[in-house]
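A.B. asks: What follows is a single structure, and I will ask about it in a moment.
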Amino acid sequence: QVQLVESGGGLVQLGGSLRLSCAAPGSIFSINAMGWYRQAPGKQRELVAAITSGGKPNYADSVKGRFTISRDNAKNTVYLQMNSLKPEDTAVYSCNGILKTSPGGQTRSYWGQGTQLTVSS
């Protein structure tokens, strides 16, 4: 079972910055899109940002201009740089990857375990 490993969550003050990382195993055959989702208490999970295999990013309107998604294909890692954080950014952030584990295998969606971000005012 493929597990994406996230790191970088924590507690930050209003206006602060934080960077999340998500790494897929080195044994992965190929990675298509990767993205970050978040779920706040009492709310549905929402897409925050995604990036294609070619590096094209896509952002939720609520984070445009504040968050930047990037990826390092050599490390099978995707990053989410979060600046100008607001209390409404508080949520559990989960990484998602569209991966193929072997040349003949299916392309499937995999998730990380989630990491908590809390922005205090």
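The values are calculated or read from the model by the stated rules, or taken from the named source; none is laboratory data. What you see is a predicted model; the values in this text were computed from it and never measured. Neighbour counts are summed over all protein chains in view; Cβ atoms, including those assigned to glycine, are modelled from backbone coordinates with ideal geometry. Remember, those area values only see protein heavy atoms, side chains included, never the ligands or the DNA or RNA. Shrake-Rupley method; radii C 1.70, N 1.55, O 1.52, S 1.80 Å.
A.B. asks: Using a 1.4 angstrom probe on heavy atoms only, work out the carbon and sulfur share of the accessible area of segment 1-93 in %.
C.D. replies: Percent of accessible area from carbon and sulfur atoms in segment 1-93: 49.
A.B. asks: Which three numbers, in whole Å and largest first, are the semi-axes of the equivalent ellipsoid of the chain derived from its Cα gyration tensor as √(5λ)? Display every interim value, and only then the final one.
C.D. replies: Values: eigenvalues 133, 37, 30 Å².
Computed over the chain, the values are 26, 14, 12 Å.
A.B. asks: Please name which of S21, L11, A33 has its Cα lying farthest along the dipole of the chain towards the positive end, using unit charges on Cβ (Lys, Arg +1; Asp, Glu -1) and the Cα centre as origin.
C.D. replies: Result: A33, furthest along the dipole toward the positive end.
A.B. asks: Now for a different question. Accessible area per residue, 1.4 Å probe, Å², for segment 17-121: what's the number?
C.D. replies: Values: 5430 Å² over 105 residues.
I get 52 Å² per residue for segment 17-121.
A.B. asks: Using heavy-atom solvent-accessible surface (probe 1.4 Å) with all chains present, what is the largest-first order of R66, R19? Mind dumping the intermediate values first?
C.D. replies: Values: R66 30, R19 125 Å².
Most to least solvent-accessible, the answer reads R19, R66.
A.B. asks: Determine the distance separating the Cα centre of segment 1-61 from the Cα centre of segment 85-103; give it in Å without decimals.
C.D. replies: After rounding, the separation between the Cα centres reads 3 Å.
A.B. asks: Please report the accessible area of S27 (heavy atoms, 1.4 Å probe, ligands and nucleic acids excluded) in Å², nearest 10.
C.D. replies: The accessible area of S27 comes to roughly 100 Å².
A.B. asks: Give the total of Lys-Lys pairs in segment 12-121 with Cα-Cα distances below 29 Å; include a pair only if its members are 8 or more places apart or on different chains.
C.D. replies: 10
A.B. asks: Scan around F67 for amide H atoms under 5 Å from its own, H built in the peptide plane at 1.01 Å from N, and keep only partners 5 or more places away or cross-chain.
C.D. replies: N83
A.B. asks: In what sequence, largest accessible area first, do V5, V119 appear using a 1.4 Å probe?
C.D. replies: Working: V5 90, V119 10 Å².
In descending accessible area the options line up as V5, V119.
A.B. asks: A further question follows. Show D89, D61 ordered by accessible area, largest first, where the area counts protein heavy atoms only and the probe is 1.4 Å. Before the final figure, lay out the partial values.
C.D. replies: On the way: D89 0, D61 125 Å².
Output order, biggest surface exposure first: D61, D89.
A.B. asks: Normalising by the residue count of segment 1-86, find the relative contact order in percent from Cα pairs under 8 Å and 6+ residues apart.
C.D. replies: Numbers: 151 pairs, mean separation 28.4, N = 86.
Averaging sequence separation for qualifying contacts and normalising by length gives 33 percent for segment 1-86.
A.B. asks: Okay, moving on. List the residues whose amide H sits under 5 Å from the amide H of V48, counting only those 5 or more places along or on another chain, with H placed 1.01 Å from N in the peptide plane.
C.D. replies: W36, Y37, R38
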